[in-house]
Amino acid sequence: MKLKNSFFYTLRENVRDEELVSSNLLVRAGFIKKSSAGVYMMLPLGLRVMQKIEEIIRQEMDATGCQEVLMPSLIPEEVYVSSGRREGFGSSMFALKDRKGQDYVLGPTHEELFALAAKMKIRSYKDMPFSLYQMQTKFRDEPRPRFGLIRVREFIMKDAYTFDMDEAGLDAAYAKQFNAYKNIMDRLHLDYRIVRADTGVMGGLLSEEFQAITPIGEDVLVLCDSCDFASNIEVAPCIPQKPEVIEEEKEMYLEETPNSRTIEEVAEHFHLDAKKFVKTLIYSVDGNPVAVMVRGDRDVNETKLRKMLNATNVELADADTVVRVTGAQVGFAGPIGIQCPVYADEEVLYMQNFIVGANKTGYHYANVNNKDFTLTGHGDLRNIMEGDICPKCGGTIEFKHGIEVGNTFKLGTKYSKALDLRYLDSNNQLQDVWMGSYGIGPARAMAALAEQNADENGINWPIEVAPYQIAIVIISTKDAQQVQEAQRIYEELTRKGYEVILDDRDERPGVKFKDMELIGIPYRITVGKGIKDGKVEFKARNGEKMDVAVEDIIAKVQETITR
């Protein structure tokens, strides 16, 4: 590409409304441009990076025997109603009507359509296994689009689906896709971890996420300092902390605690550690109030609560609901006499002589024990914390942050049951098909790579995904010899299959060098005054400069860049 007459621009200043290093650099380097909240244009350089990522994904998918298809984005709403997922997606799904008044949605994901496509083929057990994938645009009406390409409303996803006759077949298909995903992440040179995750609205038997490690990641990754335990915080199991000393149960009493609503304020009032308190939070679970108890220094895990109660929607109740079930203002809820079901985190069952809200504004109960109230149920309902005990080996838990760039699901028979995807087995009996689902976000991968490979000068792309491999910079476009020699090198490298930028703009050398570093070109050839002595300069982006004889520069490139 010759820059002088190309669509190429860079910005010198940081972008005001891009909060991440990656999104700021991608906009400044002319890779992407925001058109509205959560929607981005993919400009020429950005598209080249995306296409390279997609090509790596395609190669690995094709190697598994997966066949590429393309599903529509405009889908009849009834498809998601039939699978039981329309309610779960709720307002995050873009919905519209056609001119005849029929309800349609813009597809947020395509499990249903792939299941319907599979019905065209599958009749008996002999028709499986097989797998399909696509690169398709998805639409999700995120309430708070943010973090550049990380949390958007329109994005391309590679989603793949496997179809098998039993769980053993699904396990084999899953392993093949899982290994392909590891190959993809390795080829992209991502620093990543694989963690167990919540199946969420997808449902099914198992979900694992491929998380790119970065401090700005939205997801909290739970890791062990002693073993290979790795989980998303949403599903990380917790081992209850039991008291080292068994206390004698004391007599409960009511104490006035004016202006003490938060755990910190109540702890200060009683001069006790937060671990001696139990906070009671009121949730709306599918529209019904539910109280949840956790130790004072813990947080409720809403994903675990939703799973325990087999609920669809879980959110903190509004102030009016809190007043209605407790009889007190917000901040004084407790389990004694409350007018709703009460669930406790397992850890609370081992606590003694603790403090809870009294369901009376300005009051708390002290020396409370489990005999003093009635539970509807209990279980693991809290978030794991750094320093907690590893549930696998007993080591110490530590946290990292990550960007989810890929996920794999064992869907089991969820969608086949809902959509009547069945087959005749060897005994001529009807059975449900077993499905797997596997997704990767190429744009998220691009953002994660930019975040992990950013430096003070721009983006240091791995050469496999860099928009171009080599930049040839002409110091003076007024010097005919420099222009002629740069053009010759450009044409010869291009003929040999290298991806080359020729910076033939009428700009100062410093501007050109900064631009090439900003957009992340791995290697640079500078054609300047040294051409009079038969020399050009060769430099890796983060390496030392070296003078190379002009007749040797092609060989130097071939020696350096393996094609």
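Taken together, the values in this text are just the output of simple stated rules run on the coordinates, not laboratory data. If you're wondering where the values come from, they're calculated on a predicted model, not measured in any experiment. Here Cβ is always computed from backbone atoms with ideal geometry, including for glycine, and neighbour counts include all displayed protein chains.
The loop-placed GluC sites (Glu not before Pro) in the stretch 332-439, going by DSSP, that have at most 12 neighbouring Cβ atoms within 10 Å of their Cβ come out as GLU386.
In a fully extended conformation the segment linking LYS478 and ARG12 would gain 165.2 nm over its present Cα-Cα distance, using 0.36 nm per residue.
Over the C-alpha trace of the stretch 440-513, radius of gyration and Dmax come out as 15.3, 48 angstrom. The helix-only estimate of mean residue ellipticity at 222 nm for the chain, built from DSSP H runs of length n ≥ 4 each weighted as -39500 (n - 2.57), is -7500 deg cm²/dmol after division by the residue total.
Backbone amide hydrogens, once placed in the peptide plane, bring LYS2 within less than 5 Å of LEU502, excluding anything fewer than 5 places away on its chain. If R0 is taken as 22 Å, the Cβ-Cβ distance between LYS529 and LYS496 corresponds to a FRET efficiency of 0.25. Loop-located GluC sites (Glu not before Pro) in the stretch 473-547 (DSSP state not H, G, I, E or B) with no more than 11 neighbouring Cβ atoms inside 10 Å: GLU544.
What the phi angles of the stretch 438-454 give under the Karplus curve with 6.51, -1.76 and 1.60, with θ = phi - 60°, is a coupling list of 9, x, 9, x, x, 5, 4, 4, 4, 5, 5, 4, 5, 5, 6, 10, 7 Hz, glycine and proline written as x. Highest average first, the peptides 93-105, 130-142 ordered by how many other beta carbon atoms sit within 10 Å of their residues are 130-142, 93-105. In the stretch 97-232, how many lysine pairs have Cα atoms under 25 Å apart, counting only pairs 8 or more places apart or on different chains? Lysine pair count for the stretch 97-232: 13. For the chain, CYS66, CYS238, CYS340 have no disulfide-compatible partner, since no other Cys C-beta lies under 4.7 Å from theirs. Computed from Cα positions, the angle between helix 509-519 and the longest principal axis of the chain comes to roughly 40 degrees. Quick one: in the stretch 405-563, what % of C-alpha pairs are over 21 Å apart? In whole percent, the share of Cα-Cα pairs in the stretch 405-563 beyond 21 Å is 58.
One equal scatterer on each Cα of the stretch 150-223, no solvent, Debye formula: the resulting log10 I(q)/I(0) at q = 0.14 Å⁻¹ is -0.58. Here the Karplus relation 6.51 cos²θ - 1.76 cosθ + 1.60, evaluated at θ = phi - 60°, turns the backbone of the stretch 382-399 into coupling constants of 10, 7, 5, 10, 4, x, 5, 7, 5, x, 9, 10, x, x, 9, 7, 10, 10 Hz, with x for every Gly and Pro. Close amide H pairs (under 5 Å, H built 1.01 Å from N) link GLN329 with THR361, residues at least 5 positions away or on another chain. At q = 0.07, 0.08, 0.10, 0.11 Å⁻¹, what log₁₀ I(q)/I(0) does a Debye calculation on the Cα points of the chain give, no solvent, two decimals? For the chain, the Cα-only Debye profile gives -0.57, -0.71, -0.97, -1.08. Note on GLU249 and GLU142: their simple-model spin labels are 5.0 nm apart, each label 7 Å out from Cα toward Cβ. Derived scalar couplings between HN and Hα for the stretch 351-366 equal 8, 9, 6, 9, 10, 9, x, 9, 6, 8, 4, x, 9, 9, 8, 10 Hz in order, rounded to whole Hz, by the Karplus curve 6.51 cos²θ - 1.76 cosθ + 1.60 (θ = phi - 60°), x for Gly and Pro.
Please compute the modelled spin-label separation between LYS33 and GLU265, points set 7 Å along Cα→Cβ, answer in nm with one decimal. The two pseudo-label positions are separated by 5.1 nm.
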